[in-house]
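A short reminder: the numbers here are calculations on the coordinates, not readings from a lab. Given the structure is predicted, the values throughout are model-derived calculations rather than measurements. Neighbour counts run over all protein chains shown; Cβ positions are idealised from the backbone, glycine included.
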Amino acid sequence: MPRPITYSPAYTIVPTYECFNRCTYCNFRREPGQDAWLSLAEAETIFESLQGTGTIEILILSGEVHPQSDRRQAWFQHIYDLCQLALSQGFLPHTNAGPLSFAEMEALKMVNVSMGLMLEQTTSKLLETVHKHAPSKVPELRVRQLEQAGELQIPFTTGLLLGIGETVADWQDTLETIARLHRRYGHIQEVILQPHSPGNQQTGEMASFPPEKLLNAIAIARQILPDEIAIQIPPNLIASPEYLIACLEAGASDLGGISPKDEVNPDYPHPRVLELSQTIAAAGFKLVPRLPVYPQFRHWLRDPLRQAICKRDRENTTPQMPKTIDNRSRRSLSH
């Protein structure tokens, strides 16, 4: 029996690329005030183009507006409205918008089947280097976000960014922090192990994370994390099909959201689902679509979200790669 490897048929919506952080490895951000926010009308056009494509998850991935900004409330309301719109169109939202307050997370729980935030690394030494100008990358702030998700019973995804100046001991400390929080709250669905991959927009000169070190990171994560937490790897950032198979053999079990574009790593296109399925099938694995909320967490969701999930279950469709949106819709994502 082939071992199942899961993925989420997804599409990423970016409310805004503006961000007050200035991480030296970032290929996503734009300066505050230099990016037009995606309108609800533009988002609705995108959602209409995704109907019938097999897309299930809408990842709401946003740059961060400063907590003290006079635009913070409007930014948060816009994210909430985008989630509501995605639900109304039959999709399942998952929001990752940086550290949020308890009240903001409590509100978003009403319109998201799951949420996420990369912990990245818990070592404070990165605040002297890659995170020197990134106020929301203070480890304690991000750990608190994971705690709030647990307190609110929000199914949650987090992860490590590898190759940004940390050590193996730092990996272990970060993974042990995640494991400790999960043992307390039982809310972590998956942990992403994301290898740093240089892009054209980053300001720092950093090399690609070596593939062989990723195998080591997976092995360490599988030792530290509880068995019920899936280890996720992004297939577009893996050096070769051979290394992808090696990662699965080392203990990775999920490939994350497969969408037309990786907004965080735009220089690295996602593979097509059919090709990915064939690659791993040759090694004795089976690619299986999943929802953005794992079955064991469904009872945490309010009735309208559970009904949306049941509707997806009843449809019993075979997900596929979302088709390319038209140029008018895509233009709104490149302002």
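Please identify every one of the trypsin sites (Lys or Arg not before Pro) in the range 94-156 that sits in a loop by DSSP and has no more than 15 other beta carbons within 10 Å of its own beta carbon. Kindly include the intermediate steps, with their values, before the conclusion.
Numbers: sites: 109, 125, 132, 137, 142, 144; in loops: 132.
Hits after loop and neighbour filter: 132.
Which whole-angstrom value gives the distance between the alpha carbon centres of the range 193-222 and the range 64-135?
24
Only helical DSSP H runs with n ≥ 4 go in: add -39500 (n - 2.57) per run for the chain, normalise by residue count and round the 222 nm mean residue ellipticity to 500 deg cm²/dmol. Provide the component values of the computation, followed by the final result.
On the way: 10 runs with 117 residues, N = 335.
So the helix-based figure for the chain works out to -11000 deg cm²/dmol.
How big is the dipole moment of the chain about its Cα centre under a simple scheme where the beta carbon of each Lys and Arg is +1, that of each Asp and Glu is -1, and everything else is neutral? Debye, nearest 20, please. Present the calculation step by step, with values, prior to reporting the outcome.
On the way: 31 positive and 37 negative charges, 96 e Å.
My answer is approximately 460 debye.
Can you list, by residue number, the Cys in the chain that have no neighbouring cysteine C-beta under 4.7 Å?
19, 83, 247, 310, each lacking another Cys Cβ under 4.7 Å.
For residue 45 and residue 66, calculate 0.36 nm times their separation in residues minus their Cα-Cα distance, and state this gained length in nm to one decimal.
Gain on stretching residue 45 to residue 66: 4.7 nm.
Provide, for the chain, the number of lysine pairs with alpha carbons under 24 Å apart, each pair being eight or more places apart or on different chains.
So the count of such lysine pairs works out to 9.
Springs between alpha-carbon pairs under 10 angstrom, Gaussian network model over the chain: which of 21, 200, 112 fluctuates most?
Fluctuation is largest for 200.
Say we join alpha carbon atoms closer than 10 Å with springs in a Gaussian network model of the chain; which of 304, 198, 211 then has the biggest fluctuation?
304
Using only alpha carbon pairs under 8 Å that are at least six residues apart, calculate the relative contact order of the range 88-140 and give it in whole percent.
Details: 36 pairs, mean separation 18.1, N = 53.
Reported as a whole number, the value is 34 percent.
Counting only C-alpha contacts under 8 Å and six or more residues apart, can you give the relative contact order of the chain as a whole percent?
Values: 603 pairs, mean separation 88.1, N = 335.
Answer for the chain is 26 percent.
What is the distance, in nm, between label points placed 7 Å from the Cα along the Cα-to-Cβ direction at residue 184 and at residue 267?
3.8
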